[in-house]
1. Sorted by packing (mean other beta-carbon atoms within 10 Å per residue), highest first, where do 304-312, 230-238 land?
2. Enumerate by residue number the GluC sites (Glu not before Pro) in region 283-345 meeting two conditions: DSSP loop (anything except H, G, I, E, B), and at most 16 other Cβ atoms within 10 Å of the site's Cβ.
3. Counting Lys and Arg as +1 and Asp and Glu as -1, what is the net charge of the other residues whose Cβ lies under 14 Å from the Cβ of residue 69?
4. Show the residues, 5+ positions off or on another chain, whose built amide H is closer than 5 Å to the amide H of residue 120.
5. Based on the alpha-carbon gyration tensor of region 289-376 and its eigenvalue square roots a ≥ b ≥ c, which shape applies: rounded if a/c is under 1.5, prolate if not and a/b is larger than b/c, or oblate?
6. Residue 262: net charge of surrounding residues, Cβ under 9 Å, Lys/Arg +1, Asp/Glu -1, itself excluded?
7. For region 31-121, which trypsin sites (Lys or Arg not before Pro) are both in a DSSP coil and crowded by at most 11 other Cβ atoms within 10 Å?
8. Hey, quick one: spin label on residue 157, modelled 7 Å out along Cα-Cβ, who in region 43-78 has an amide N within reach, i.e. under 13 Å?
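The values are calculated or read from the model by the stated rules, or taken from the named source; none is laboratory data. This structure is a prediction, so every number in the text was calculated from the model and none was measured. Virtual Cβ from ideal backbone geometry, glycine too; neighbours counted across all protein chains shown. These area figures cover heavy atoms from the full protein model, side chains too; ligands, DNA and RNA do not enter into them. Shrake-Rupley method; radii C 1.70, N 1.55, O 1.52, S 1.80 Å.
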Amino acid sequence: MTSNRRMFLRQASSLGAGVLIAGSLPQREIHAAIQRTAAGPVVIASANGVGAVTRAMEMIRSGSDALEAVIAGVNLVEDDPKDHSVGYGGLPNEDGVVELDSAVMHGPTHRGGAVAALRNIKNPSKVARVVMERTDHVLLVGEGALRFAKAHGFKEEDLLTDEAREIWLRWKETMSTQDDRLPPHNEHTGAEEVGEFRVPERRAREVNPQQAAGLVPFSRLTGTIHCSGIDANGNISCVTTTSGLAYKVPGRVGDSPILGAGLFVDNDVGAAGSTGRGEANLVNCSSVMIVEYMRQGKSPEQACLDACTRIVDHNRMRRLKDADGRPNFDVKFYALNKRGETGAAGIFSGGTYALHDGKEVKLVPMAYLYKRPTAK
Ligand code: GLY
């Protein structure tokens, strides 16, 4: 069997077409069928990726491979000091040090590269790509990842902006159980007000830090950008990049740099990626599951919803549940298939994702399992 014929058979089965058809097609019709099933360029990202999908689509239109395009897209967010969940300006670990995680995956060659707990380098997604291209490894971490990046010419810089440092300091002042620093407080009500955070009572400092963290809207605790794209050749690639969980234990690695958890691509089927509580994806391998659900014929949106359900079903610890037994955290998924169909879902309502469908950029509401509880 020729490799083209093998490729068509794989593609046909992943798209639900009968393999019998392929058996009787001459070579040139197989090529034509492959062209018909390949989608036009499409790029999706988490909601903070409107600029990213725009940049990626521009690059794809000018002939870039999907991987080059999606990395260039997320670099905008990594460089943006105002996005406190990614790259420069990301919220630091509990010691006040920014540690970044990122992974890339290239569909046509089925290769991946990743870095975790990388300090002082603004664009971990670019380093992840170099890991993929210039080593026989997939994941480098910490000190080794930094030395590797420097050897490849990446410049070290302080990633902690004044704004991120101020936010971290407020967290230390309100959440730490190990010091006596006090946050600014309202003399009339006695309540402590910290930016958008509101710690209703000083008692909050005495409780378990995990519970105290629950007083902060969970959208502030994890951020991240995921971006997936299909290029003009119908090839699919993706990237996820993040500063991870704010105020994390130094060295904590989330799902973003773990292939299969924070992102995954199969060039014959589609791509998926995630934002939100990484620990939930690490114990569920959610992104590879979404791609497998799509291989079984589910739409991208249904595949993302099924990944949310899987997390809820496996969420057995009381400390991770709300009073109604639902998760007290959120996770969001983004997916596209080989046909260029896209979808996204979160455990809780209110999420959107960025889509460039080749014509325009839009923020599209995502599916969800539960209505987000209103703040009390
Ligand atoms: N999903 C990003 C993180 O948990 O680090």
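1. So the peptides 304-312, 230-238, ranked by packing, come out 230-238, 304-312.
2. Sites meeting the loop and neighbour criteria: 341.
3. 0
4. 159
5. Oblate, since a/c reaches 1.5 and b/c is not below a/b.
6. -2
7. Those satisfying the criteria are 82.
8. Once the point is set 7 Å along Cα→Cβ of residue 157, 76-78 turn out to lie under 13 Å by backbone N, inside region 43-78.
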